[in-house]
Number of protein chains: 4
Amino acid sequence: MTKPVCLIVGAGAGIGGNVAKRFAREGYHAVLARRSDKEGLDRLVAEISGEGGSAAGFLLNAVEDGSIERLVESIEKDIGPIEVAVFNLGAQIGSRALANTSLKAFELGWRMATFGLFRLAVTLFPYMEQRGKGSLLVTSATAAVRGNAGQHSHAAAMAGRRMLCQTLNAEFAAKGIHVAHILIDGAVDAPDTLGKMLGPERYQALREAKGLAKDGLLLPAEIANTYFHVAHQHRSAWTHELDLRAFSDLAWWNHATSGNL
Amino acid sequence: MTKPVCLIVGAGAGIGGNVAKRFAREGYHAVLARRSDKEGLDRLVAEISGEGGSAAGFLLNAVEDGSIERLVESIEKDIGPIEVAVFNLGAQIGSRALANTSLKAFELGWRMATFGLFRLAVTLFPYMEQRGKGSLLVTSATAAVRGNAGQHSHAAAMAGRRMLCQTLNAEFAAKGIHVAHILIDGAVDAPDTLGKMLGPERYQALREAKGLAKDGLLLPAEIANTYFHVAHQHRSAWTHELDLRAFSDLAWWNHATSGNL
Amino acid sequence: MTKPVCLIVGAGAGIGGNVAKRFAREGYHAVLARRSDKEGLDRLVAEISGEGGSAAGFLLNAVEDGSIERLVESIEKDIGPIEVAVFNLGAQIGSRALANTSLKAFELGWRMATFGLFRLAVTLFPYMEQRGKGSLLVTSATAAVRGNAGQHSHAAAMAGRRMLCQTLNAEFAAKGIHVAHILIDGAVDAPDTLGKMLGPERYQALREAKGLAKDGLLLPAEIANTYFHVAHQHRSAWTHELDLRAFSDLAWWNHATSGNL
Amino acid sequence: MTKPVCLIVGAGAGIGGNVAKRFAREGYHAVLARRSDKEGLDRLVAEISGEGGSAAGFLLNAVEDGSIERLVESIEKDIGPIEVAVFNLGAQIGSRALANTSLKAFELGWRMATFGLFRLAVTLFPYMEQRGKGSLLVTSATAAVRGNAGQHSHAAAMAGRRMLCQTLNAEFAAKGIHVAHILIDGAVDAPDTLGKMLGPERYQALREAKGLAKDGLLLPAEIANTYFHVAHQHRSAWTHELDLRAFSDLAWWNHATSGNL
């Protein structure tokens, strides 16, 4: 008996890990891939198993030639059909002036955010096309639709990612492959990343500044619910593009105070 | 014991009726409002009751002064709290050249599509604000984001509707009111409207031209699933804007063949 | 000998008046229409005449039934062919919460910003179509593409205006009529309006806060240069949509500081 | 006496060459750079000189490490200050299904369209920043805002280009550097490229199919007029984004016939 596979490329303790849990809870075999932290990866896999779910973890250097390709091939060969793939690699390197954005950093952003998605689609879509179905959920960021100062690398990479979602959709939707571009418009409440980075006090202060108690940051478990919904929309009514933000945050297009109304 | 109310303004046999059924199935009292066809309205209410759900129907001339306002007030006073409102009034009048678009038709489009939504929000949001929660789901169309030839009235009205969704969201999201703009990008498979209009043969031909069997048209029951999901997203991860189209349709921004690549 | 007419609907001392001057300088007969301030209108006409240009002024209540229509008809009959029309009516009523936005204010915004443009096109385009040429330049605002809090009336109206520009372009471009939507993304340095409103000190302070000396506000005479250029683009290379902002202002989509990168 | 330099990266017989001629006619020293065809390059330079203008030509392999950088440095050192730079490299490789889009082709698209612009800005902007002024005009394509089938490489690359224009503008506009993203939405009437490719008969047929006589294709000399205008807008009223298309073409967002209205 083969479970359908949900592959998560970029499976940390935030969106990726929570999406893995959500799909595992619904009967998928979750395959979690991330660049580093074998321990954290094992812990996620153990948590899923502990809940009675099925999961496996792989360390993956996504920018290495052939790495994504080999992972996809081996899953399809040895584990089961990838029915849902979640491309969740970030490429945010903080705010950097042009003078501080190296050619290497700019290229790396593209290798992660744009080229990685292209390589995943090139490798995976022939399998999905043959089966006549499949979903590719792409985590994206505000930078995909708006270029702020200091975001040269990130914005160029995420915009390429978004437009690639459109070209993939244009070619493959009618073949049964559902591509969704999910714009995460705000900070995600990921205790293991954002929380550790800020420390407990500043973390709690940010949560409170952003909204009542903690809902002012995007909760990854809640994000995962929408990922699951989108992946299971009936093919007569697919969403290609949606945004997600906390209720207490302004949308990226709104300014708190604005001269240009 | 009071059930939460889901009010549908524009409740025919397509999206509106199916959203009513979906919410009633989940424990809402569905209030269906539509301009005409008392018989069709009663049938929808009876279908919901027959499934064990709770529903009521009202005929409503939405462009009449005070009509939406009175309905909202009376539901809040006599029936229960409107937790979800679905604004589903269409304003499509077919393709008309400028010379054939009367001042009256242009104004009526706005009264239905834009002003009606404004009046609903003005009346309903104080209740929702007091309760600190509520959802307003707005059915929208491609014309809200792209003005095609012959769509003078429709496009101007739907664009106003969309931008109003943004201003409402900007003011009320942080107060717990979730506004979602749902872009229906294609023809909806509504047997009682599209089907009757075309007749059985042309209807089936369209379905087949559009995709395998029938999934090439947007199925309203499937659309309703996404409406329900959006209305129940956790406030830490709300969607404000999403599109819905059949897998076999091109997105509005794609051309089958195109000179401008 | 008949000069071509440039009709400006909304001709105050800012964009409208400066566009009139620019076109008059290039050989057009400028027809300036505005709601009130006969004295200011006469002064503009006198300034143009004093420079050797040709101009006439009319008071026009644009929201009154038949007013725009009569003006267009009488110009075409008695003065000359309207080769360029500039629709420059604003509909900004300041920042108002939903509770403070009356039905009347919301409707008035639409009557000015959207319906006025529709009525102008309905009346004027048959003349232009017959001549196989003409330009309609539409002054627009950030609110046409982004709905900020407090902008319910303005944003809904300007979005309708923008989408109407698209439907007009879709129907009439191939007939030789050039429609351009010009998004003014910032405050315009209009001494007679903004300057009087703020008083000399606050006005100068704003200018200095916004950029070096005075260029941090949009100078209407400079805006007029771009209006003139767009109206005279060769038909093989027309611009339909462009933005204008001061060099020192952030674009509407950029935030000074932003959580959602 | 040093003339201001207008550097054109991608100077063929279409947009690039015509922009060079237009700027040379207005007193700029035009520096034309292109990958190949030394003869065609020399001919363009000779034409400009023949008209009394000043120009120089360089063969440039833009994707080679250091190539753009060396050209900019040597112009600034030996020729004069680059006041206007035109980034006109295309990256269209025709319509290719995903299966026919090699990793190499996808990467090359990015190296030309996105990374090349980044490298140009990194090298050039310090000079412009020191002078407190300068313009960067970026030729772009419909693919920057819409991903059609078969455009995987092109769309991802042009979208990255567009978003990079936004991040550059966000950081450098207030420092006096004007970045403009110019969306060419249609086929350009370039006799030496499109004309040669199609041959005289098919070329003329396309011109006639597209509009009256020849204006149905974008004429590069007319495009050049708008480039010149944008580069000389006063800093109080800069355009960041505009589109250009032939009057008889539909805008990219319009469909000739459309199911999704």
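Largest GNM mean-square fluctuation among B:Ser140, B:Ser67, B:Ser153, using chain B with Cα springs under 10 Å: B:Ser67. Starting from the label point of B:Lys175 at 7 Å along Cα→Cβ, the same points in the other copies fall at 4.3, 4.5, 4.9 nm, in ascending order.
Each peptide among A:183-191, B:144-152 gets the average number of other Cβ atoms lying within 10 Å of its residues, and from highest to lowest they stand as B:144-152, A:183-191. Here the stretch C:5-245 has 53 percent of its accessible surface on carbon and sulfur atoms, given a 1.4 Å probe and all protein chains in place. Spacing of the modelled spin labels on D:Ser49 and D:Asn100, each 7 Å from Cα toward Cβ, amounts to 4.3 nm.
Between amide H atoms placed 1.01 Å from N, distances below 5 Å from A:Gln151 occur with A:Arg96, all of them 5 or more places distant or on a separate chain.
When the accessible areas of A alone and B alone are added and the area of the pair subtracted, with a 1.4 Å probe, the result is around 3000 Å², both sides summed.
In terms of its C-alpha gyration tensor, the stretch D:129-191 has an oblate overall shape, because the principal axis ratio a/c (a ≥ b ≥ c, square roots of the eigenvalues) is not below 1.5 and a/b does not outweigh b/c. Packing order of peptides C:74-85, B:194-205, highest average first: C:74-85, B:194-205 (average count of other Cβ atoms within 10 Å over each peptide's residues). Computed over chain A, the per-residue total of -39500 (n - 2.57) for DSSP H runs of n ≥ 4 gives a 222 nm mean residue ellipticity of -12000 deg cm²/dmol, rounded to 500. Dipole of chain A computed with +1 at Lys/Arg Cβ and -1 at Asp/Glu Cβ about the Cα centre; of A:His29, A:Ala46, A:Ala85, farthest Cα towards the positive end is A:Ala85.
Peptide A:134-147 has a mean of 3 when you count, residue by residue, the C-beta atoms of other protein chains within 10 Å of its C-beta. Relative contact order, whole percent, for the stretch A:1-146 stands at 25, derived from Cα pairs under 8 Å and 6 or more residues apart.
If R0 is taken as 60 Å, the Cβ-Cβ distance between B:Lys38 and C:Met197 corresponds to a FRET efficiency of 0.65. Across chain D, the mean sequence separation of Cα contacts (distance under 8 Å, 6 or more residues apart), normalised by length, yields a relative contact order of 19 percent. Of all beta bridges that DSSP places with both ends in the protein assembly as shown, some 5 percent have antiparallel geometry. Measuring heavy-atom accessible area with a 1.4 angstrom probe and counting protein chains only, the residues of the stretch D:224-247 that give up at least 50 Å² relative to the chain alone are D:His229, D:His234, D:Arg235, D:Ser236, D:Ala237, D:Trp238, D:Asp243, D:Arg245, D:Phe247. Here the contact order of the stretch C:70-217, divided by its residue count and restricted to Cα pairs under 8 Å and six or more residues apart, works out to 24 percent.
If you fit an axis through the alpha-carbon atoms of helix B:220-231 and take the longest principal axis of the Cα set of chain B, what angle between them do you get, 0 to 90°, nearest 10? Compared with the principal axis, the helix lies near 50 degrees. Note that the stretch C:10-16 has calculated 3J(HN,Hα) couplings of x, 10, x, 7, x, 4, x Hz, one per residue in order, obtained from phi through the Karplus relation 6.51 cos²θ - 1.76 cosθ + 1.60 (θ = phi - 60°); glycine and proline are x. Take chain D with all the other protein chains still there, run a 1.4 Å probe, and you get 35 Å² of accessible area per residue. Count Lys and Arg as plus one, Asp and Glu as minus one, and take only other residues whose Cβ is under 11 Å from that of C:Glu129; the net charge is then +2. With label points defined 7 Å past Cα in the direction of Cβ, position B:Gly52 shows copy-to-copy spacings of 2.3, 8.9, 9.1 nm, given to one decimal and shortest first. For the stretch D:11-72 versus the stretch A:124-163, the spacing of their alpha-carbon centroids is 36 Å. Modelled this way, with points 7 Å down the Cα-to-C-beta line, the labels at B:Ala256 and B:Leu59 are 4.2 nm from one another. Using θ = phi - 60° in the Karplus curve 6.51 cos²θ - 1.76 cosθ + 1.60, the 3J(HN,Hα) couplings for the stretch D:133-150 round to 6, x, 10, 10, 9, 10, 6, 9, 9, 3, 4, 5, 10, 7, x, 8, 4, x Hz; x is entered for Gly and Pro. A loss of 30 Å² or more of accessible area (1.4 Å probe, protein heavy atoms, ligands and nucleic acids excluded) relative to the isolated chain is seen in these residues of the stretch D:82-119: D:Leu98, D:Leu103, D:Phe106, D:Glu107, D:Trp110, D:Phe115, D:Phe118. I'd like the orientation of helix A:116-131 relative to chain A: the angle between its Cα long axis and the longest Cα principal axis, in ° from 0 to 90, rounded to 10. Tilt of helix A:116-131: around 40 degrees.
Near the amide H of A:Ala141, within less than 5 Å, lie the amide hydrogens of A:Ile184, all on another chain or at least 5 residues away, with H placed in the peptide plane. Across peptide C:172-183, the average count of Cβ atoms from other chains found within 10 Å of a residue's Cβ is 3.
Copy-to-copy label distances for C:Glu201, where each label lies 7 Å from Cα along Cα-to-Cβ, are 4.3, 8.1, 8.3 nm in order of increasing length. Sequentially through the stretch B:91-105, phi angles give Karplus couplings (6.51, -1.76, 1.60; θ = phi - 60°) of 9, 6, 10, x, 7, 9, 4, 3, 5, 9, 9, 6, 3, 5, 5 Hz, Gly and Pro residues having no value and appearing as x. Does the protein assembly as shown come out rounded, prolate or oblate by the C-alpha gyration tensor, with a ≥ b ≥ c the root eigenvalues, rounded set by a/c under 1.5 and, if not, prolate when a/b is larger than b/c and oblate if not? Cα axes put the protein assembly as shown in the oblate bin.
When DSSP beta bridges are limited to those with both residues in the stretch B:5-245, what percentage is antiparallel, rounded to the nearest 5?
The antiparallel fraction comes to roughly 0 percent.
Less than 5 angstrom separates the built amide H of C:Gly57 from those of C:Leu32, all sequence-distant by 5 or more or on a different chain. Helix C:200-210 and the longest principal axis of the C-alpha atoms of chain C enclose an angle of approximately 80°.
The values are calculated or read from the model by the stated rules, or taken from the named source; none is laboratory data. Bear in mind that the values here come from a model prediction, so they are computed numbers and not experimental data. Note: ideal-geometry Cβ built from the backbone for every residue, glycine included; neighbour counts use all protein chains shown. Only protein heavy atoms, including side chains, enter the accessible area calculation; ligands, DNA and RNA are left aside. Shrake-Rupley method; radii C 1.70, N 1.55, O 1.52, S 1.80 Å.
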